[in-house]
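Below is one structure, written out as structure tokens; comments come after it.
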Amino acid sequence: MNRTDPKIRPYRHPPEGHDPPNDAPGYRSTALRHPTQPLVIIPQTLSEITGPVYGYGRLGPMDHDLTRQHVAEPLGERIIIEGRVLDEDERPVPETLVEIWQANAGGRYAHPQDVHDAPLDPNFTGAGRVETDTEGCFRFVTIKPGAYPWKNHHNAWRPPHVHFSVFGRSFLTRLITQMYFPGDPLLRFDPIFTSIPTERARQALVSSFELDLTQPGWALGYRFDIVLRGRDATPMGL
Amino acid sequence: MLTLTPSQTVGPFVAILVPSQDRGSLVTERTSGPRIVVEGMVRDGADTPVPDALVEIWQANAAGHYRHPDDPRPSADDTFDGYGRMHTRRDGRFTFETIKPGSVTGPSGTPQAPHLVVGLYARGLLTRLLTRMYFEDEPSNGQDPILTAVPAERRTTLIATCESEGRYRLDLALQGTRETVFFDV
């Protein structure tokens, strides 16, 4: 059973070997958590090509600015992250929810399970959300997260990164990923980043420094565009 | 074409974004349809509960319509989005309060048995895993075009058991003899 509904305009599959494999021995936590059975291929139905596109009414006015969610500003290097959510055909994805979470400037998460002895910052929670505009654009103000050690292997350090969660128009476009910073010497040692098979796909997660986005005397600007699965132009079989 | 943005793990601290009770309930007093509770536990290959997973569900309303413009008969019920997400608790469990979805149109007009689409993320998972949850007391499961595409001996990993009236349970196993069927869609 692998027929696609003639009325369904399907989403394209990611190219083979584009996403990281779930069985990635360099990243130790995958050992007991990756499925060992092959994925079962099924056709796209109404259940998959739809997805949550309404109901983001709870966005607060400061949700996009992680430096203004507390009584004072957090410590660290203030940055602007601006980008667009697009599909593979360069069409903007308007009015979709983009969410981020991250460590503070010292490389510590505001989470009780984070035992790294870098200081917590009472003025930084590290979560933000915003909806893209009609052109698919989003903008966050935050601080640059610090690198932090983890126990994956001897002398393991995560490169500074910002977690991104994006919805798009369907449950198939849903994506959770991480944004990295250009020129970071830790990237090539990081088994999570290098789990991505191709250099081209890896570079899609490295933001670019942009002087045009940088605000004089205030904050450095980084651009990070997010590309979600695109759709075939016409319904299958029509 | 542009290069797709690849997936990365949610890592261990996604609870900063999604506190444990975020969107665990999909219903309001005005939502129509039979109320159900869907619960389960996420387990790893050592049969240990996974306390740092994110579970997402997406479903139709009681009439089998999605609140989405691509549904030919989209739900206009603004009391029911059909989307829920929840961070697992320390014991690896999750619980959603929702309604039982209706039957949804499937390939070539074949009806699909009532089901939830389920997305699973965790530390140690580099991509999202996609699966479905069906209901054991649904006679139409036997004709469901997706369920019947799954090898017969593994189908039960997709079917929630009815624990009591309106209360269903399905555990999600990442590995092991009852490893959940995950889909490539």
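The values are calculated or read from the model by the stated rules, or taken from the named source; none is laboratory data. Predicted, not measured: the structure shown is a model, and the values here were computed from it. All Cβ positions, glycine included, derive from the backbone under ideal geometry; neighbour counts span all protein chains shown. Heads up: the accessible areas ignore ligands, DNA and RNA and are worked out on the full protein's heavy atoms, side chains in. Shrake-Rupley method; radii C 1.70, N 1.55, O 1.52, S 1.80 Å.
Odds and ends about this structure:
- The set of residues from region B:76-93 being more than 10 Å from chain A (Cβ to nearest Cβ), open to solvent by less than 40 Å² (accessible area, probe 1.4 Å) and either of a type in the set (Gly, Ala, Ser) or under 15 Å from the mean Cα position of the chain (by Cα) (or both) comprises B:Met86, B:His87, B:Thr88, B:Gly92.
- Residue among B:Thr98, B:Thr28, B:Thr9 that is assigned to a loop (DSSP other than H, G, I, E, B), open to solvent by less than 10 Å² (accessible area, probe 1.4 Å) and either at the interface with another protein chain (Cβ under 9 Å from one of its Cβ atoms) or touching a Phe, Trp or Tyr at 6+ places or on another chain (Cβ under 9 Å) (or both): B:Thr9
- Any hit, region A:221-232, residues being in a loop (DSSP other than H, G, I, E, B) and either out of contact with any strand residue (DSSP E or B) (no Cβ under 9 Å at 6 or more places or on another chain) or among the hydroxyl-bearing types (Ser, Thr, Tyr) (or both): no
- Filter result (under 15 Å from A:Arg158 (Cβ atoms) and buried (at least 19 other Cβ atoms within 10 Å of the Cβ)) within region A:77-106: A:Trp101, A:Gln102, A:Ala103, A:Asn104, A:Ala105
- The listed residue being assigned to a helix (DSSP H, G or I), more than 10 Å from chain B (Cβ to nearest Cβ), of a type in the set (Lys, Arg) and on the phi < 0 side of the Ramachandran plot, out of A:Arg188, A:Arg202: A:Arg188
- Selection from region B:152-185 of residues that are assigned to a loop (DSSP other than H, G, I, E, B), closer than 26 Å to B:Val50 by Cα and either open to solvent by 50 Å² or more (accessible area, probe 1.4 Å) or modelled with pLDDT under 95 (or both): B:Thr177, B:Arg178
- Selection of region B:115-146 for residues being free of Cβ contacts under 8 Å to residues at least 40 places away in the same chain and more than 9 Å from every other protein chain (Cβ to nearest Cβ) yields B:Tyr134, B:Phe135, B:Glu136, B:Asp137, B:Glu138, B:Pro139, B:Ser140, B:Asn141, B:Gly142, B:Gln143, B:Asp144.
- Among the residues making up region A:177-217, those that are open to solvent by less than 10 Å² (accessible area, probe 1.4 Å) and among the aliphatic types (A, V, I, L, M) are A:Met179, A:Ile192, A:Ile196, A:Ala201, A:Leu205.
- Restricting region B:31-47 to residues that are charged (D, E, K, R) and open to solvent by 30 Å² or more (accessible area, probe 1.4 Å) leaves a set whose member that is farthest from A:Trp101 (Cα to Cα) is B:Arg35.
- Residue count, region A:166-201 (criterion: closer than 21 Å to A:Arg28 by Cβ and without any contact (Cβ under 8 Å) to a residue 12 or more places away in the chain): 1
- Neighbours by Cβ (under 9 Å, 6+ apart or cross-chain): first from region A:112-139, under 15 Å from A:Glu73 (Cα atoms) and in a strand (DSSP E or B); second open to solvent by 20 Å² or more (accessible area, probe 1.4 Å) and β-branched (Val, Ile, Thr): A:Ala127/B:Ile16
- Some residue of region A:37-57 being facing chain B (nearest Cβ under 10 Å), modelled with pLDDT of 95 or more, part of a loop (DSSP other than H, G, I, E, B) and exposed (fewer than 14 other Cβ atoms within 10 Å of the Cβ): yes
- Answer residue from region B:48-74, given it is open to solvent by 10 Å² or more (accessible area, probe 1.4 Å) and under 27 Å from B:Pro19 (Cβ atoms) and is nearest to the other protein chains (Cβ to nearest Cβ) among those: B:Arg67
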